[in-house]
Each structure stands twice: as C-alpha cells, then as structure tokens.
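Below is one structure; the comments refer to it alone.
The values are calculated or read from the model by the stated rules, or taken from the named source; none is laboratory data. Keep in mind it's a predicted model, so treat the numbers as computed, not measured. Note that we place each Cβ from the backbone using ideal geometry, even for glycine, and neighbour counts take in every protein chain shown.
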Amino acid sequence: MAKPRVLSGIQPTGELHLGNYLGAIRNWVEIQQQYDSFLFMADLHAITVPHDPTKLAANTYQVAAMYLACGIDLNHATIFVQSHIPAHSELAWLFSCITPLNWLQDMVQFKEKAVKQGENVGTGLLTYPVLQAADILLYEPDKVPVGEDQKQHLELTRDIAARLNYLFGKPESPVLKLPEPMIRAEGARVMSLADGTKKMSKSDPSDLSRINLLDPPDQIQYKIKRCKTDSIRGLTFDDPERPECNNLLSLYMLLSNQTKAAVTAECQDMGWGQFKPLLTDTMIAALKPIQDRYHEIMAEPGYLESVLRQGREKAEAIANPTLAKVKAALGYSVPV
Ligand code: AQP
C-alpha cells in the first residue's frame, strides 16, 4: 500500500537557524519513514519581501543541502525547487480568480508583515497564501506539517479547494483533495536570543538573536555568552515572567534529547554561569555532524544538482496531472 503523503517547505530567505531545524526539519526527519515526503525550497515565496537577486539561487541550494545534512533521506523524500515547477505559479493564478479578496485581507500574517513594509507592501504578500494553497494542493498530500502560525493559511487552502470543488466539481467526484494539518502536540517554538517573547527569525536584523545552523563553535559560544537572561537564581521552564529561561532550557532539552523532567532535575539549582557553558557545548556537539555533512554536500555540486533534477521530475509527475485536472474542470482546452 502507498504511504500517505506529506508536503512542506522553507523559504530560502537567508541562513537556516535553530528555529527552522527544531520547528520544521527535525520533525520531517522524525516522520519520514512513515510518509512519502515532498519537501521544497519556497523560492517564489522568498521574493514577497525585498530580496537580493545575487543571493537567491545560492540560498536555495544551501537550503537543499541543509535538508540533506539534517538527515532527510532520499529513499523517503523528494526535494525540489518550487520555481522549477511552473505548475505552482499557474495554479496560483487560477486560484486567485476564485478566491474572495476579503479572505486574504483577513490573514493575520499579511496584516503583521504589511505593517512592517508600509506603503511599499507588494501584492505578492497579500496573495502569498493563494500560492501556498497551490503548492499544497498540487501534490494532493494527506497531511501538511505546519506550525501554529501557519494554521490559518492551511484553513484557507482547504477553503479554496472546497470552493473550487463546489463551483466546478461534482459532489461525487471532487476535483481537489482536502489535506489535513499535522500540528504536533508539543510544538517547538524557538525564541530569539535577544528577546524570549519574539520568535527566532532569519529576517531579524541582529545576527546575535539567532543560532544559525552553520555558526562555528566560537560564534555559538559568543552568542550564548551574550544572550539575554535574567538575574534570578535557579532555572525553570514555563515561568511567564522568564521567557528567556524557558527558551534556553527548551533548547538544551531538545538538543540533548532529554525529557523535560530530566532537564528540570538537572538545572533547577543552576545559575547562568554554570548553565551557559553546558548549553554551548551541547549545541556545538549537536550541530557538528550537520555542519560536517553540509560541507561534504556543498563540496560536490554535481550531486546536489542531480538530487534537484530528480526531485523536479518526481514532483512534476504529480503536480502536472493535478493542474491538468483543475484546468479541465475550469473548461480550458488542451493544447493540440
Ligand atoms: N523560531 C522558530 N521556531 C520554530 N519553528 C520555526 N520556523 C521558523 N522559525 C521558527 C519554522 O521553519 C519553517 C520554515 O519557515 P520559513 O523560512 O518558510 O518562514 P518563517 O516561519 O517566516 O521563518 P523565519 O526564519 O522567521 O524567516 P523569515 O525571517 O524570512 O520570515 C516553518 O515550518 C516554520 O514554522
């Protein structure tokens, strides 16, 4: 029997960090044996915010190499570049014509990011969730692993599919399959090293706010030494008054693969002077094999190119028939 399919992606908007790893890639690795995984680099989404064209292609390759370095196994997963598959853009256009404008204006992420961009906000930022719906629905996945922040966009994806099925399908033979969200009970939300209430992010102007997966040991040591803490002795999880403490303890727990109870017992009487070197060493040790593997992959560009070529072929074999199905339902002629 075919394995159920999952689909997920990351935007190549900069260096990947611990948030991307613990919140996304590591989970993909954990579930990959049970699913047929389609993992892509969302380079079309990457230009919804101002971007540097001289870096886009290199960043896209680096994210692909990082997926592999973190343990994505090509026996279970297909890795591809979003812009290599024209069906994504084409389906997004078709969807945008059946998506009411007010559905998009209600998206929380649009409202938040639009404020940051002021008057220069691009149309792409508003229509981004329509492209995301196309990304997902093209592959007819059973499940879509998403963080809490993306739940609203997945609901929109389901709404767009349901609307298209209602307008152009028959109840007994829907055009598109509705995917289910896969939200982990205990989601890792990694917070900024400079502010425990803000998410760690590639676009934060301060590099000291995040640990990049490729940071060398001395950089990690420096960033942990400088990161925000508090002056309370003893370390505890889940104290709303101590968001930085919760974040750093959670990082230690996740990177040392221990339970919360074990970390609580180990760290409850520690001060920062004792805990920070422990966290630093754990982080360096956890990232070393990923970094070594990454550099091996990047030293062999032919290999990565062949992975992405095969990925494109496998992805297109699924995406193109879905697009054809939607176009037929909308009444388009087939080119002769
Ligand atoms: N801090 C985080 N904690 C947990 N998960 C996170 N993810 C990102 N940051 C954290 C997860 O990584 C995946 C891909 O994210 P993305 O690059 O497509 O977009 P993002 O969520 O907007 O990531 P960034 O780093 O914050 O990028 P910028 O700054 O470019 O917007 C998603 O699964 C996300 O949940």
> Of these, V144, V121, V190, V115, which one is surrounded by 16 or more Cβ atoms within 10 Å (Cβ to Cβ), free of Cβ contacts under 8 Å to residues at least 24 places away in the same chain and within 16 Å of the ligand (Cβ to nearest atom)?
Replying inline: V121
> Among the candidates L214, L208, L156, which residue alone is at pLDDT 95 or above and under 17 Å from L94 (Cβ atoms)?
Replying inline: L156
> Taking into account only those residues within segment 50-73 that are touching a helix residue (DSSP H, G or I) at 6+ places or on another chain (Cβ under 7 Å) and in a loop (DSSP other than H, G, I, E, B), which is surrounded by the fewest Cβ atoms within 10 Å (Cβ to Cβ)?
Replying inline: G71
> Do you know which residues across segment 81-107 are of a type in the set (A, V, I, L, M, F, W, C), within 20 Å of S8 (Cβ to Cβ) and in a helix (DSSP H, G or I)?
Replying inline: A87, L91, A92, F95
>> So for segment 7-24 (the condition being buried (at least 21 other Cβ atoms within 10 Å of the Cβ), within 14 Å of the ligand (Cβ to nearest atom) and among the acidic types (D, E)), does at least one residue qualify?
In response: no
> Quick one: A162 ticks every box in (1) farther than 24 Å from I31 by Cβ; (2) buried (at least 16 other Cβ atoms within 10 Å of the Cβ); (3) of a type in the set (G, A, S) bar one, so which box is it?
Replying inline: (2)
> For segment 298-314, does any single residue satisfy the condition of being within 27 Å of K225 (Cβ to Cβ) and outside any helix (DSSP H, G or I)?
Replying inline: no
